[in-house]
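Single-structure report; data block below.
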């Protein structure tokens, strides 16, 4: 089992992958955690590729993330792509809730970083701004990738609602 979970930012990739990992006992690899360093610095492409390449060379994994920098390491070995293609209104509401919650609780994410109020709501580094700017592009990009000759034979599941996500996980629970 080698699964790549993709979707827009804040679509629930990590939460879904973590739950899928719990059900199947297959290692979860959240690329966001590997990609970021303290103070929101980005890990070098070489180092990220080395780390994800090592994980992708294993027999089983669930890797979540849309990283172009590592796709050529992950997708040639994948046995299934799960695309969380939830509606914009759902993803955007989650983005606002998640950002607000992280600012208030000071939750540590991605290499121990914390979301800061000003950056989270009033800069172009804001996830709220980023999701609004990239949602439609990301949807078209994933759809296009799945049609490209080198990827068109990869089996994929497209989950279009929170109900689809819940039902999919329930189905997996029945098997495992």
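Structure data summary
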| quantity | calculated |
| --- | --- |
| Residues being assigned to a helix (DSSP H, G or I), free of Cβ contacts under 8 Å to residues at least 24 places away in the same chain and farther than 12 Å from residue 82 by Cβ - total across the range 146-170 | 5 |
| Test set (1) surrounded by fewer than 18 Cβ atoms within 10 Å (Cβ to Cβ); (2) modelled with pLDDT of 95 or more; (3) in a helix (DSSP H, G or I) - residue 59 fails condition number | (3) |
| All positions within the range 9-22 that are within 18 Å of residue 94 (Cα to Cα) and in contact with a strand residue (DSSP E or B) (Cβ under 8 Å, 6 or more places away or on another chain) | 11, 12, 13, 14, 16, 17, 18 |
| Conditions (1) surrounded by 10 or more Cβ atoms within 10 Å (Cβ to Cβ); (2) out of contact with any helix residue (DSSP H, G or I) (no Cβ under 6 Å at 6 or more places or on another chain); (3) more than 27 Å from residue 76 (Cβ to Cβ); number of the one not met by residue 142 | (3) |
| Residue check for residue 130: under 15 Å from the mean Cα position of the chain (by Cα) and in a helix (DSSP H, G or I) | yes |
| Where residue 136 falls short, out of the listed (1) in a loop (DSSP other than H, G, I, E, B); (2) touching a residue at least 24 places away in the same chain (Cβ under 8 Å) | (1) |
| The range 72-84 - residue that is crowded, with 18+ Cβ neighbours inside 10 Å and in contact (Cβ under 8 Å) with a residue 60 or more places away in the chain and, of those, farthest from residue 138 (Cα to Cα) | 78 |
| Residue selected from the range 31-44 under the condition in a helix (DSSP H, G or I) and in contact with a strand residue (DSSP E or B) (Cβ under 9 Å, 6 or more places away or on another chain), by the criterion surrounded by the most Cβ atoms within 10 Å (Cβ to Cβ) | 31 |
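Per-residue answers, yes or no, for (1) closer than 23 Å to residue 157 by Cβ; (2) assigned to a helix (DSSP H, G or I); (3) over 14 Å from the mean Cα position of the chain (by Cα):
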residue	(1), (2), (3)
9	yes, no, no
19	yes, yes, no
26	yes, no, yes
46	no, yes, yes
73	yes, yes, yes
81	yes, no, no
86	yes, no, no
89	yes, yes, yes
103	no, yes, yes
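Quick grid of which residues meet (1) surrounded by 17 or more Cβ atoms within 10 Å (Cβ to Cβ); (2) in contact with a helix residue (DSSP H, G or I) (Cβ under 6 Å, 6 or more places away or on another chain); (3) at pLDDT 95 or above; (4) at positive phi:
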| position | (1), (2), (3), (4) |
| --- | --- |
| 65 | yes, yes, no, yes |
| 68 | no, no, no, no |
| 86 | yes, no, yes, no |
| 93 | no, no, yes, no |
| 99 | yes, yes, no, no |
| 111 | no, yes, no, yes |
| 117 | no, yes, no, no |
| 122 | no, no, no, no |
| 126 | yes, yes, no, no |
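The values are calculated or read from the model by the stated rules, or taken from the named source; none is laboratory data. Small disclaimer: the values here were computed from a predicted structure and weren't measured. Cβ coordinates were reconstructed from backbone atoms using ideal geometry, including for glycine residues, and neighbour counts include every protein chain displayed.
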